[in-house]
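The values are calculated or read from the model by the stated rules, or taken from the named source; none is laboratory data. None of these values were measured; they are calculated from a predicted model. Reconstructed Cβ throughout: ideal geometry from the backbone, glycine too, with neighbour counts over all protein chains shown. These accessible areas exclude ligands, DNA and RNA; they are computed on the full protein's heavy atoms, side chains included. Shrake-Rupley method; radii C 1.70, N 1.55, O 1.52, S 1.80 Å.
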Amino acid sequence: MSKLVIEAGKSELHYWADLWKYRELFLFLAWRDILVRYKQTVIGVLWAVLRPLLTTIVFVVVFSRLAKMPSEGVPYPILVFSAMLPWQFFATALSEASNSLVSNANMISKIYFPRLVVPASAIIVAFTDFLISLFILAVMMIWYGITPSWQLLLILPLTGITFLTAFGAGVWLAALNVEYRDFRYVIPFIVQFGLYISPVGFSSSVIPEKWRLLYSINPMVGVIDGFRWAITGKAVFFHWGGFAISLCLVFLIAAGGIWYFRKTERAFADVI
Amino acid sequence: MSSPVIRVENLGKKYLLRHQQQGRRYKALRDVLSDKVKAIFQISNFKIQNSKSTEEFWALRDVGFEINQGEAVGIIGRNGAGKSTLLKLLSRITQPSTGRMELDGRVASLLEVGTGFHPELTGRENIYFNGAILGMGRLEIKRKFDEIVDFAEVEKFLDTPVKRYSSGMYMRLAFAVAAHLEPDILVVDEVLAVGDAAFQKKCLGKMGEVSSGGRTVLFVSHQMNAIEQLCSRVLLLESGRLKTDSPDLRNVIRDYLFGSEDADIAARSQWTRKDGQFDNSWFAPRRIYLGDQNGTALAMPVSNDGDMWVYIEAEAATLDPALTIGYAIYSEGGGLLYWSYQTDSAPEDWPIIERGRFTLRGRIPARLLNEGVYRLELIGGLHHRQWLFEPGKSAPQFFLNIQGGLSDSPLWAAKRPGLLAPVLPWSLSS
């Protein structure tokens with residue numbers, strides 16, 4: 001067994017090795033949260049089904065029937081739901097990750113482990129909801145007679161990007177949430193605001209041409225447009241330039257989030 | 001065999017106390033922002049205010065020691081002496097502000113029993129999860145699963161959510177998981193303060209096993225008996241500093257409980273309240289002392305041939321029929337002799353506590369205790385609801401020093417063996 005040396009003020013070199021050592025804890029934590037989520041209420045799974053479905057119905061009514069937004073030749077429910085998929089994943093992952101540290105405060109003040117494990121496993125829980133939603137999507141696609149093409153595989157990297165975005169922003173917010181306890185009021189606001197500025201209920205083609213580059217800087221815009229393309233096979237709208245910028249932004253957020261998390265992590269047990 | 005597995009040098013931990021935030025537990029962004037805005041408008045004022053409002057507090061300072069493999073070391077000290085901080089540093093939960101430590105081997109810390117237990121999960125699920133938290137691998141838990149269940153005696157309830165467990169079962173299960181860890185260094189904090197006597201005994205036995213198996217144990221407790229039973233060496237912490245580090249348990253414990261100076265004891269034969277201490281509306285103690293029949297304070301050492309009274313001057317604003325007040329008396333070794341409450345007798349004989357100031361007294365009969373120094377601690381609370389003065393948790397305390405007057409017998413002049421020295425009646429029956 002190697003000797004462990006801890007010195008004041010030195011950031012630990014063995015952190016990343018530790019992170020690997022605690023991978024089982026990460027899985028267990030995710031497993032526990034998933035168990036609890038679907039056990040606590042009988043309607044646990046039903047909830048995961050109903051939430052995106054009901055939101056989709058409302059959006060279809062509001063944006064298609066009332067606002068008469070263009071549907072780009074795709075059944076409007078599919079247009080909305082294919083955006084709802086990544087958006088719900090992102091929103092749930094972000095809020096679960098942001099609150100994960102505070103809701104596991106007890107563990108953090110009593111046990112050592114690399115704290116990054118906590119927000120990361122919170123995202124896994126959101127991911128299970130995402131998988132359930134994928135199943136709903138399959139049912140909807142059969143209903144509307146949409147045959148998937150090879151493009152459907154694009155969902156994988158796009159999910160990866162969503163994951164990274166939620167993780168980067170999530171760890172950042174999680175750390176801020178420990179430091180400033182009133183930050184948790186900001187998080188639902190961010191999520192709600194994001195829903196309106198992302199093209200969930202409408203196609204991004206309604207955005208005027210000159211604003212598209214700016215609009216595409218929101219990482220979720222590229223992801224949502226990508227999802228629509230992958231699912232319907234119709235390139236509804238895709239701004240490559242904006243997508244590239246937002247991809248860089250995602251990596252910046254993730255790197256910055258991890259950096260900030262690592263910086264404040266040492267004091268978590270003292271302030272939580 | 002006896003190479004140091006823990007080496008600590010100069011270890012210190014500093015906290016910043018923010019006075020301005022009294023009453024607020026957490027920092028809020030709102031306050032930080034408003035402070036910043038204020039700072040812009042009144043730069044000079046803010047600086048003064050700021051330096052006043054934060055204060056450094058060293059929870060631990062310049063602590064150094066080495067612990068060899070297989071040693072069982074007890075850590076004692078009053079509340080706030082830095083024991084828990086030391087354990088938190090050793091178990092890497094928090095980072096030191098100064099100094100360094102070297103740990104050789106796998107450290108498992110048990111600062112609380114049942115960390116991470118989730119009430120919705122079943123016993124089986126919680127065993128796996130808790131094991132993972134404590135650093136066991138999945139295979140390791142699987143291997144020891146039956147042993148853990150056996151130790152906890154919960155087979156029948158394995159698939160019941162732990163929220164339906166009795167608190168005893170919950171504790172047993174939680175400790176069982178922890179007890180089956182096989183770390184090289186085990187760090188334990190006050191775990192034994194909970195659970196019934198049988199459970200505590202079982203825990204102590206298990207910890208003894210761990211240390212005799214060549215592993216190193218660090219153990220914080222307020223229970224001196226447990227320390228004596230388990231440890232071969234003791235560290236005494238006092239306001240963040242290491243005061244004593246010695247294998248001579250009895251002396252260190254005596255030092256800790258009674259202070260090393262005998263002369264000191266007379267001065268501590270009574271307890272007087274300092275501002276705001278133990279303020280509550282049911283029973284706010286003002287002064288506690290030992291006196292004679294008429295309430296005159298007794299000078300220490302006291303002779304054992306007369307009755308003594310424990311006088312408790314206090315004030316009550318709210319009357320509650322569940323109020324029980326009394327004292328616990330401990331021997332020099334830290335062993336508890338007995339508890340006595342004003343509600344020990346039949347209800348019609350209980351003294352009636354009135355609103356306002358009053359003095360409650362309890363008699364210690366002549367010739368009950370042996371010669372020696374005793375520590376008395378105010379205990380009490382609202383029966384079955386809450387402690388106001390919890391034993392062992394820095395409740396008001398004072399000391400009693402008995403010398404002489406043990407008996408009228410010409411054969412019995414000096415201190416006898418044993419904790420008590422009662423003169424009991426003898427007679428002949430044919």
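Just a few scattered comments:
- Filtered residues of the range B:267-323 (kept if outside any loop (DSSP other than H, G, I, E, B), among the hydroxyl-bearing types (Ser, Thr, Tyr) and open to solvent by 60 Å² or more (accessible area, probe 1.4 Å)): B:THR272
- Within this structure, B:MET101 fails the test of being open to solvent by less than 30 Å² (accessible area, probe 1.4 Å) and more than 7 Å from chain A (Cβ to nearest Cβ).
- Considered as a group, the residues in the range A:224-272 that are among the aromatic types (Phe, Trp, Tyr) and under 25 Å from A:LEU134 (Cβ atoms) include one that is farthest from the other protein chains (Cβ to nearest Cβ), and that residue is A:TRP229.
- For B:ARG273: the one exception among (1) modelled with pLDDT of 85 or more; (2) under 26 Å from B:GLY356 (Cβ atoms); (3) of a type in the set (D, E, K, R): (1)
- Subset of the range B:136-152 (residues that are surrounded by 21 or more Cβ atoms within 10 Å (Cβ to Cβ) and either facing chain A (nearest Cβ under 9 Å) or hydroxyl-bearing (Ser, Thr, Tyr) (or both)): B:MET136
- Set A:ILE123, A:ILE155, A:ILE136, A:ILE78: member being touching a residue at least 60 places away in the same chain (Cβ under 8 Å) and open to solvent by less than 10 Å² (accessible area, probe 1.4 Å): A:ILE78
- Restricting attention to the range B:352-367, the residues that are modelled with pLDDT of 90 or more and surrounded by 13 or more Cβ atoms within 10 Å (Cβ to Cβ) total 6.
- Of the helices (runs of 4 or more DSSP H) lying entirely inside the range A:196-272, the ones with 2 or more residues being in contact (Cβ under 8 Å) with a residue 40 or more places away in the chain and of a type in the set (Gly, Ala, Ser) are found at A:219-232, A:240-265.
- Qualifying residues in the range B:324-338 (those that are in a strand (DSSP E or B), within 17 Å of the chain's Cα centre (by Cα) and not aliphatic (A, V, I, L, M)) - the one modelled with the highest pLDDT: B:TYR327
- Test: A:VAL118 is at pLDDT below 90, part of a helix (DSSP H, G or I), open to solvent by less than 10 Å² (accessible area, probe 1.4 Å) and of a type in the set (A, V, I, L, M): no
- Residue in the range A:56-77 that is over 30 Å from A:PRO199 (Cα atoms) and over 19 Å from the mean Cα position of the chain (by Cα) present: no
- Residue match in the range B:103-126 (condition: free of Cβ contacts under 8 Å to residues at least 60 places away in the same chain, outside any helix (DSSP H, G or I) and in contact with a Ser or Thr (Cβ under 8 Å, 6 or more places away or on another chain)): yes
- The lone criterion from (1) under 18 Å from B:SER303 (Cβ atoms); (2) open to solvent by less than 10 Å² (accessible area, probe 1.4 Å) left unmet by B:ARG416 is number (2).
- Filter result for B:GLY168 (free of Cβ contacts under 8 Å to residues at least 12 places away in the same chain, open to solvent by less than 60 Å² (accessible area, probe 1.4 Å) and at negative phi): no
- Residue satisfying condition, being part of a helix (DSSP H, G or I), within 16 Å of B:VAL220 (Cα to Cα) and not small (Gly, Ala, Ser), within set B:LEU86, B:LEU60, B:LEU139: B:LEU86
- Which listed residue, of A:SER149, A:SER95, A:SER109, is small (Gly, Ala, Ser) and within 14 Å of chain B (Cβ to nearest Cβ): A:SER109
- Qualifying positions in the range A:25-66 - within 14 Å of another protein chain (Cβ to nearest Cβ) and over 20 Å from B:TYR128 (Cβ atoms): A:THR41, A:VAL42, A:GLY44
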